[in-house]
1. Checking the table K220/K313; K203/K346; K257/K283; K289/K344; K136/K199; K99/K135 against a 18 Å threshold on Cα-Cα, which pairs fail?
2. Residues of the stretch 354-375 with amide nitrogen under 11 Å from the 7 Å Cα-to-Cβ point of D210?
3. Can you tell me the FRET efficiency between E119 and D235 if r is taken as the Cβ-Cβ distance and R0 is 30 Å, rounded to the nearest 0.05?
4. Select from the stretch 260-323 those trypsin sites (Lys or Arg not before Pro) which occupy a DSSP coil region and have at most 14 other Cβ atoms within 10 Å, ordered by residue number.
5. Just to check I understand the Karplus step: with θ = phi - 60° and J = 6.51 cos²θ - 1.76 cosθ + 1.60, what whole-Hz values come out for the stretch 232-242, glycine and proline as x?
6. Which cross-chain or sequence-distant (5 or more) residues have an amide H under 5 Å from the amide H of H318, H modelled 1.01 Å from N in plane?
7. Using the basic label-point model (7 angstrom from Cα toward the beta carbon), what is the K323 to R147 distance in nanometres?
8. Treat every Asp and Glu Cβ in the stretch 210-264 as -1 and every Lys and Arg Cβ as +1, leave all other atoms uncharged, and give the resulting dipole magnitude about the Cα centre to the nearest 20 debye.
Amino acid sequence: MNICNKTKTELSIILRKNEILIDKLFTKSMMLRVLLDFCNHDEKKYISKYLELCELAKNERQNICRELGIRDNLSKIEITTYIINGVPLPTINKSISDKDINIEDIDLFYCVGTKSQNEILNKKREKIIQLIINKKIPDKFYMENIRWNTLREQVFEYVYTIAREHKIDNVVSCYCNHMGGRKNVYDFMVNINECIDIKVEFKYNVISVDKCPQFVSPSKPSPFLTNHYEEYFYDNYLLPSLTDEGILIPDRDEYLKTINNNKPACVEHLKTYCKKNPHLGIKLGEQFKKSVELFILNTELLIDVLSDYLIDKQKDKHYMLYKDGQFYYEHIKSSSFKIMSYTKGKNYYLVKTVGGFNLKILLRWKNGNGIAFPAFQISLHK
């Protein structure tokens, strides 16, 4: 079947009708060639071979993706959606290794990066803290730059502080595991004297948790609400907007399943389109503001569900705060986050807790308003 001249909509229909056939035709070598061609943006090659793309055994697909530096948890539907829409496959977030740390990286604790740099800079800062605790920083760093010595002293003073909080007066040994990532709600697990593990979350450029732009961010807001925001936005705003523009409309089930992450395949073509046609990005931004205001007006918080979530995520967590060359310690009892009451704003809920805290729960889009990753951003105010 020649599909080179098919439209994206026609390709999508072909895919749905031929899923079983595609599954049977697929081979590892074909997957490798298609992905390589796709990574090289050679459209003719991967489109002409497209119908031969189908699902490998999961472990084989993951190995190929890792070899190519592509995210290895992509489903068949996600891979095919990327290819149909002519969007590069998302790459793996490269982890920071010991060898990536240089003596000049001490400067990372004396500067504030741009928003786009925050993730990689924080990964490096966290890696440095881990290496200091585990005594893996090269001696020459301490010998050649006094600021490395200062940082080491401050890091271990923090370790002694959390040890004392757990009634340990004598720290014989300590070891740090880096636990960062969306699946974990803390950055480090610090083991002291091989007898206790302590959860630690690192926050840069703040002296207290209430100064953080957010201290927790549930990636799916709808489980905490009486209505489903993602469904509401898709049906009432996204669908009409894309219909008016004549743009390929994401499959509703796939949209609802995948929209709550940074790079959902089903809307990558919208990002590309918005870059070339800014009016759609402006329109979706306006739709987002209108949708949130009307949605919150007609939707209540499930305060017991949200309370349980906050208490669970903050349980036994200790904060490692850093600003202007100084570390600060803070611990908040998880029971303090039980919600008593709340009021509403245009795009947020303002919550009062039994611990006397005010929580601002902002409903926002993390990766382009109206395009990707609706989520709660929760900040704490004492």
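Here, each number is a calculation from the coordinates, and none is a lab measurement. Remember, predicted model here, so these are calculated numbers, not experimental data. No Cβ is skipped: glycine too gets one built from the backbone with ideal geometry, and neighbour counts run over all protein chains shown.
1. Working: K220/K313 15 Å; K203/K346 28 Å; K257/K283 24 Å; K289/K344 15 Å; K136/K199 21 Å; K99/K135 14 Å.
Pairs exceeding the cut-off: K203/K346; K257/K283; K136/K199.
2. 356-359
3. Numbers: r = 33 Å, r/R0 = 1.09.
Efficiency, from the Cβ-Cβ distance: 0.40.
4. Working: sites: K271, K275, K276, K283, K289, K290, K313, K315, K317, K323; in loops: K315.
Within the stretch 260-323, the qualifying trypsin sites (Lys or Arg not before Pro) (loop, at most 14 other Cβ atoms within 10 Å) are K315.
5. 4, 5, 4, 6, 9, 10, 5, 4, x, 5, 6
6. Amide H neighbours of H318, under 5 Å, 5+ apart: K199, V200, E201.
7. Roughly 2.0 nm, to one decimal.
8. Numbers: 5 positive and 9 negative charges, 68 e Å.
Using Cβ point charges on Lys, Arg, Asp and Glu, the stretch 210-264 gives about 320 debye.
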